[in-house]
Amino acid sequence: MTKYHFDMGNAGPYVICSILGNTPPVLSSGRRICDMVYVKDVVRGLLSMAVSNSAVGCTFDIGTGRGVSIREIATRIAALMRTTCLPVFGGLPDRAGDFPQVADTENSCHVLGWQPRWTMDEGLIETIEWYKNHSRQLNARRGVDTLRERTGNSL
């Protein structure tokens, strides 16, 4: 069994896309703690599990083992994007039942020899660039989805 600790929900992409659209992202308090692991590290972890005989029957957390608040992530995204369009914290209520989610990386490290390679900033920079390079396609896709919702048609 594998636990994925990229529990940023949609906050990261939402913050990036909002800033790209020059709209301040409105968030909850931002106090929720998650483990920010870059997708390329998750893929490396999954591949490590797939090829390791030692992984059979084990549970692995794929993450950094470091808790980061949504506030810290959103603020860092804004800084990396060098924007004046800053996140608005407290504009939404905190979700009930949220609890800190931080990977216990002991098995991943000792059994698989796996550790994350990308820092949070490196992963955020690559993610921001991806969204910048694909924003036109994403906006077109959102437009199609909105049209489908309004008309009830599959285009």
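Quick notes on this structure:
- Of all residues in region 103-131 being among the aromatic types (Phe, Trp, Tyr) and touching a residue at least 40 places away in the same chain (Cβ under 8 Å), the one that is farthest from Ala78 (Cα to Cα): Trp114
- Test: Asn139 is at pLDDT below 90 and exposed (fewer than 15 other Cβ atoms within 10 Å of the Cβ): yes
The values are calculated or read from the model by the stated rules, or taken from the named source; none is laboratory data. Fair warning: this is a prediction, and the values are worked out from it, not measured in the lab. Positions of Cβ are generated from backbone atoms using ideal geometry, with glycine treated the same way; all protein chains shown enter the neighbour counts.
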